[in-house]
Protein chains: 2
Amino acid sequence: MNRTRLDPLGFRAEDAADAAEARGAPNGLDRWLVRQITTRLGDSPVRLALWDDPDLPAREGAVRLRILDRQALWQLLVNPDLHFGDLYSAGRIEVRGELRVLLQEAYRYTTDNTTIGSLLRRARRLAPDLSESKRNIHHHYDLGNDFYTLWLDRQALQYTCAYYADPAMTIEQAQQAKMHHVCRKLRLKPGETVVEAGSGWGGFALFMAENYGVKVRTFNISREQVAYAREWSARRGLTDRVEFVEDDYRNLAGTYDAFVSIGMLEHVGVGNYDDLGKLMGRAIGANGRGLVHSIGRDVTAQLNAWIDKRIFPGAQPPTIREMMDLFEPNGLSVLDLENIRLHYAKTLEQWLERYEENIDKVAAMFDETFVRAWRLYLVGSIAAFLTGKLQLFQALFAKSGANNVPWTRAHVYEPRG
Amino acid sequence: MNRTRLDPLGFRAEDAADAAEARGAPNGLDRWLVRQITTRLGDSPVRLALWDDPDLPAREGAVRLRILDRQALWQLLVNPDLHFGDLYSAGRIEVRGELRVLLQEAYRYTTDNTTIGSLLRRARRLAPDLSESKRNIHHHYDLGNDFYTLWLDRQALQYTCAYYADPAMTIEQAQQAKMHHVCRKLRLKPGETVVEAGSGWGGFALFMAENYGVKVRTFNISREQVAYAREWSARRGLTDRVEFVEDDYRNLAGTYDAFVSIGMLEHVGVGNYDDLGKLMGRAIGANGRGLVHSIGRDVTAQLNAWIDKRIFPGAQPPTIREMMDLFEPNGLSVLDLENIRLHYAKTLEQWLERYEENIDKVAAMFDETFVRAWRLYLVGSIAAFLTGKLQLFQALFAKSGANNVPWTRAHVYEPRG
């Protein structure tokens, strides 16, 4: 347990071994490699430096990537996707200037084969993507509520994309707005029943019961999160209106007025979408409606190797085409699909701000390697959403041919009473 | 030319030949077939009758399908998809009660294998689907402007789904609202340039120029429609702001602030979507946006054989999955996808109402066969949209990673100034 605390992302001592040993003066091959890469970087604001170069600040708008030992240089050349994150986290690569600029450059030049060198081209998969936990929720949850409450919104503990109805909103306001946005799309009415797949800490289930007068049954496989949610529910006097089920969503039974899932689909795996869609279809019966909110992509791609190893093993943001496996084979009709990608970049910026404000507490909870790894994950996710490598889809659906569907979407945008 | 006028949908005299000859009294086999079907129809409101049965009115809510000769009975059994339309048009089948009820029943029971007989099950593809013309616009356009102006909206001649922002709107108001809805999704601003693929009679191009102050270039391969549109444009003093190009959309070149296409995709063919998407991507450059409005489906299916033969040869409404061939391979990102299926049912109801009001004029222009065929097409399309066999998608898109996209969709629903 102590070990988990000290090394929660699974870094092992040997990852950093022998770095000092390899740190003799750069040789001719080292310098030749850097020159090759530099030439091919062209007009990119990214520049490389080796361990004996002076540690200069980066020019305005530019980024200096300092590689601090020979092994790091070679690891970066051999498999940047996997090693960049660990090397950065271990402090064996240093970034002078904006980390976000580096990662956005890496993303932006993904399809540009003319001026950017192979390092940067390969680095397209290097900057981490953000997603949320299911398959490895235990891994992720070992980090503890104390950690997440440092930087998530304090009102509803939403670890998913917020909705900035007004761009000036705080993270608390935007998470409330996100939950209203989903409930209004679903047109929840008092007395209706809702089933939720993936509860997190229970913030959305409790919100629906409190603000829309519905009865909620919600599924989560994390014992710790369920325990937290039940306690929270009791404090708010909602135990008769919200049932937290500690079980896999696949065991969800019964028929409800609405099905909702926020930030779980990323962890389901495309191969399971047909089964999930069948379950959604049964859950809403002939006349219900549902909403799935998920990180997505414009084109199919694998999750970055480092994120897969350290942050979210097995996560897989789907394309719209892939999402159709939920609906098409199962008699479901998509009524409305909204892409709020830029809202996730803003959400992450506000999380990152709080994270940095609490950086001493994070370092005290874990260590410097963790601090850097988590920063890389947050910043890389901002870059991924800003460059369009990741999307955020909300898909509203009903049974194909069900005619009790909203006539327009105007009700979603009416002033709230 | 006279022949085309008299037989515009390609009915030929031989289709109806020998009907009278085959009209001896029903024999044992005829009656046995009807009994088999009737037994299996179960609780369906549809009942069959043969040519010597008394011509009774249908019970309230029920439908009597009278088959008036032996050849018709057998054609219906062998290939209802193809023959129902011709038999109905020729008056060799009569429907007592609501034609729409019959067609909706046929659609509704598509996936129900328990109580409905084989006739009705096969009839799932029998009721016609609605779509619009491109590949066979000449075929379709031979019907003449005089015909369409009898029943389309009188203000903008829109032969595509209207948008009833308020369900009490007239067809004129709802077509204006549809065009506003599209322009607001695209956030058109004065001085911007728009390219349109598929002009129809030019109503939308002229609307954009007049109401949003944009310059429009629009493509159409129908010489007659282009001539009509140019004259209309001149009357409204818009010739310097709207250019009607008589050419295939595939020859569209240049870069514009926005690309728009309403009711053309149905005729492009899924195999051509990748090429169309490439063209759309070039048309909007790095910072433009686009909208595609098309009839669609929840699941892939062939167009009804009769519609394909008589009304719209080659039309193919896509699923969302199929539509992704436009976007995914071409660096385009879907921002917003709206399904307004029920608005097309209402549009068709208002078209049908005007059609029936002008039925004498239609009969004078063509003949009784045409009158019945076109009615079947309109009523069948209503049934297809009401039962969810057809959908209506509007997809808004931009380049993947373009960040000058609308922050929310609230602007679409603000009161118009």
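Read-outs: derived from the displayed coordinates by stated rules, not from any lab. Owing to the predicted nature of the structure, the values given are computational and were not obtained by experimental measurement. Counting neighbours? That spans all protein chains shown, and the Cβs are built from the backbone with ideal geometry, glycine included.
Tabulated values for the structure
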read-out: Length-normalised contact order of chain A in % [C-alpha pairs under 8 Å, at least 6 apart]; value: 19 percent
read-out: Signed unit charges on C-beta, dipole axis of the protein assembly as shown, positive-most listed residue A:GLN225, B:ALA395, A:ALA205; value: A:ALA205
read-out: Helix axis angle, A:28-41 relative to chain A longest principal axis, alpha carbon, degrees; value: 50 degrees
read-out: Inter-chain Cβ neighbour average for residues A:406-414, partner chain, 10 Å; value: 5
read-out: Over segment B:185-326 - Rg/Rh using Cα atoms and the Kirkwood inverse-distance radius; value: 0.98
read-out: Lys, Arg +1 and Asp, Glu -1 on Cβ, resulting dipole of segment A:270-394 about Cα centre, debye, nearest 20; value: 80 debye
read-out: Percentage relative contact order, segment B:182-249, counting C-alpha pairs under 8 Å, at least six apart; value: 35 percent
read-out: Residue range of chain A that is longest and free of trypsin sites (Lys or Arg not before Pro) which are both DSSP loop and sparsely packed (at most 15 other C-beta within 10 Å); value: A:237-415
read-out: Principal semi-axes in Å for segment A:181-237 [√(5λ), Cα gyration tensor, largest first]; value: 20, 12, 9
read-out: Largest-first ellipsoid semi-axes for chain B, taking √(5λ) over the Cα gyration tensor eigenvalues, angstrom; value: 42, 23, 19
read-out: For segment A:137-413, size of Cβ-based charge dipole, Lys and Arg +1, Asp and Glu -1, in debye; value: 660 debye
read-out: Calculated label separations, A:LYS361, copies of the chain, 7 Å along the beta-carbon direction, nm; value: 7.4
read-out: Efficiency of FRET between B:ASP52 and A:ALA364 - r from beta-carbon atoms, R0 60 angstrom, step 0.05; value: 0.05
read-out: Two-site label geometry, A:ASN211 and B:GLU356: point separation in nm, points 7 Å out along Cα→Cβ; value: 4.6 nm
read-out: Largest-first principal axis extents of the Cα set of segment B:313-364 (Å); value: 52, 24, 13
read-out: Teacher prompt: B:GLY91 distances to equivalent labels in other copies, 7 Å Cα→Cβ, nm; value: 9.5
read-out: 0 to 90° range, to nearest 10: angle between helix A:368-386 axis and chain A longest Cα axis; value: 70 degrees
read-out: Angle between chain A longest axis and helix A:223-235 axis [Cα atoms, degrees, rounded to 10]; value: 50 degrees
read-out: Extension gain from B:GLU224 to B:TRP74, taking 0.36 nm per residue of separation minus the Cα-Cα distance; value: 49.9 nm
read-out: Long pairs among A:LYS399/B:LYS185; A:LYS346/B:LYS346; A:LYS189/A:LYS361; A:LYS389/B:LYS346; A:LYS178/B:LYS215; A:LYS178/B:LYS278, criterion Cα-Cα beyond 32 Å; value: A:LYS346/B:LYS346; A:LYS189/A:LYS361; A:LYS389/B:LYS346; A:LYS178/B:LYS215; A:LYS178/B:LYS278
read-out: Inter-chain shielding of B:332-343 (mean C-beta neighbours from other protein chains, 10 Å cut-off); value: 6
read-out: CD proxy at 222 nm, helix term only [per DSSP H run n ≥ 4: -39500 (n - 2.57); per residue of chain A; nearest 500]; value: -12000 deg cm²/dmol
read-out: Under the Debye formula (equal points on every Cα, no solvent term), log10 I(q)/I(0) of the protein assembly as shown at q = 0.06, 0.09, 0.10 Å⁻¹; value: -0.47, -0.94, -1.10
read-out: Copy-to-copy label separations for B:ALA253, where each label sits 7 Å from Cα toward Cβ, in nm and ascending; value: 6.7
read-out: Principal semi-axes in Å for segment A:314-417 [√(5λ), Cα gyration tensor, largest first]; value: 37, 18, 12
